Amino acid sequence: MQMVNALKGVSSRRYGQSGFQKPYGKEALWSPSYFVSSVGGAPLEVLKQYIQNQLKPS
């Protein structure tokens, strides 16, 4: 949990330092929840394709 919080904190600060605004109507960039899963040794290219083919939130 500490690692997730650290990643969210650093990425949020860098996002703001780059001049980007928080999503409209939101007080924070990230929600307090997170999801962790193992990939069981899948090849890196398979993971990249999986991530690139995810649907974008609307």
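The values are calculated or read from the model by the stated rules, or taken from the named source; none is laboratory data. It should be emphasised that the depicted structure is a prediction, and the values quoted were computed from it without experimental measurement. Counting neighbours? That spans all protein chains shown, and the Cβs are built from the backbone with ideal geometry, glycine included.
For (1) modelled with pLDDT of 85 or more; (2) on the phi < 0 side of the Ramachandran plot; (3) surrounded by 10 or more Cβ atoms within 10 Å (Cβ to Cβ), each residue gets a yes or a no:
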position	(1), (2), (3)
M3	yes, yes, no
G9	yes, yes, yes
F20	yes, yes, yes
F35	yes, yes, no
G40	yes, no, no
Q52	yes, yes, no
P57	no, yes, no
- Name every residue in region 23-47 that is farther than 23 Å from M1 by Cα and not β-branched (V, I, T), in order of residue number. P23, Y24, G25, A42, P43, L44, E45
